[in-house]
1. State yes or no: is Ala123 of a type outside the set (D, E, K, R), touching a Pro at 6+ places or on another chain (Cβ under 7 Å), buried (at least 19 other Cβ atoms within 10 Å of the Cβ) and closer than 26 Å to Trp54 by Cβ?
2. Tyr132 - would you say it is surrounded by 16 or more Cβ atoms within 10 Å (Cβ to Cβ), hydroxyl-bearing (Ser, Thr, Tyr) and under 16 Å from the mean Cα position of the chain (by Cα)?
3. Got a number for residues in the range 101-130 being in a helix (DSSP H, G or I) and touching a residue at least 40 places away in the same chain (Cβ under 8 Å)?
4. In this structure, is Ser82 exposed (fewer than 14 other Cβ atoms within 10 Å of the Cβ), of a type in the set (Ser, Thr, Tyr) and free of Cβ contacts under 8 Å to residues at least 40 places away in the same chain?
5. Identify all residues within the range 160-170 that are closer than 19 Å to Leu119 by Cβ and in contact with a helix residue (DSSP H, G or I) (Cβ under 8 Å, 6 or more places away or on another chain); write none if there are none.
Amino acid sequence: MSLKDSVPVRLFAALASRVVLPLYTRLGLSPSGVTVLGLILAATIPPAFLVSPWLGLAALALTGLADATDGLYARATGRESSYGAFLDSCLDRLADALALLGFWLLFDHGPQLVWSGALMFAALAATFTISYAKARAQGLGAACEVGLMERAPRMFYLLGWALLLALWPGAREGILWVGLGVYLLLTAQTAVRRLVHVRGELARIERLGGAGRN
């Protein structure tokens, strides 16, 4: 069973339909407006982390809420569109970058900032590769649903990471380094797995195409 079909996700969708989506309607927001709102909220993540990990956690949570409900809102109001899906995917990448920037700003300034910056850049590259691999594979007619660190699990991970930072400020340095290392390993593994999977899928499609022409 995929994450989208899990009981917690179904419960969240039901709760959002009763509480969050009516709020969007009262505010006069369109589904794309909710998507843009998510980016605006994401832009608050870096300065929020500079003030307090608790504020960073709150900004992350609100960003994740908007990201999780814009599609629900589009379906509930019958306003799904190809451009809306395209806009959502594009702005999600910006939100990914802003979220990771928020964590990076917490690292101590000094020699370690170079290493944390390099690792954070690698984590961002792996994150972008995960999303691009899926989009490009689908454009070529191949399925690409493999790997752990899709958008929703990444957001849950970041929320958990931020919560640990808020709960144990005295262990901030260790939590930052371990959190970044695990995030990089998981996203890199997902990116590599997708590259390998798509190679096999495209080879299978080419074989089927060749067989169909014979």
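1. no
2. Details: surrounded by 16 or more Cβ atoms within 10 Å (Cβ to Cβ): no; hydroxyl-bearing (Ser, Thr, Tyr): yes; under 16 Å from the mean Cα position of the chain (by Cα): yes.
Against the criterion (surrounded by 16 or more Cβ atoms within 10 Å (Cβ to Cβ), hydroxyl-bearing (Ser, Thr, Tyr) and under 16 Å from the mean Cα position of the chain (by Cα)), Tyr132 does not qualify.
3. 12
4. Values: exposed (fewer than 14 other Cβ atoms within 10 Å of the Cβ): yes; of a type in the set (Ser, Thr, Tyr): yes; free of Cβ contacts under 8 Å to residues at least 40 places away in the same chain: yes.
So Ser82 passes the test.
5. The initial filter retains those residues of the range 160-170 that are closer than 19 Å to Leu119 by Cβ, namely 160-162, 164-165.
Within the range 160-170, Trp161, Ala162, Leu164, Leu165 meet the criteria.
So that you can scan it fast, the table gives a plain yes or no per residue for (1) closer than 28 Å to Arg207 by Cβ; (2) in contact with a Cys (Cβ under 7 Å, 6 or more places away or on another chain); (3) at pLDDT 95 or above:
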{"position": "Gly78", "(1), (2), (3)": "no, no, no"}
{"position": "Cys90", "(1), (2), (3)": "no, no, no"}
{"position": "Arg93", "(1), (2), (3)": "no, no, no"}
{"position": "Leu100", "(1), (2), (3)": "no, no, yes"}
{"position": "Leu106", "(1), (2), (3)": "no, no, no"}
{"position": "Lys134", "(1), (2), (3)": "yes, yes, no"}
{"position": "Cys144", "(1), (2), (3)": "yes, no, no"}
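Residues are listed down the side, and each one gets a yes or a no for (1) of a type in the set (D, E, K, R); (2) outside any loop (DSSP other than H, G, I, E, B); (3) without any contact (Cβ under 8 Å) to a residue 60 or more places away in the chain:
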position: Ala135; (1), (2), (3): no, yes, yes
position: Ala143; (1), (2), (3): no, no, yes
position: Val146; (1), (2), (3): no, no, yes
position: Met149; (1), (2), (3): no, no, yes
position: Pro153; (1), (2), (3): no, yes, no
position: Leu158; (1), (2), (3): no, yes, no
position: Leu164; (1), (2), (3): no, yes, yes
position: Gly170; (1), (2), (3): no, yes, yes
position: Leu176; (1), (2), (3): no, yes, no
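The values are calculated or read from the model by the stated rules, or taken from the named source; none is laboratory data. Quantities reported herein were computed from a predicted structural model and do not represent experimental measurements. Cβ atoms come from the backbone with ideal geometry, glycine included; neighbour counts cover every protein chain shown.
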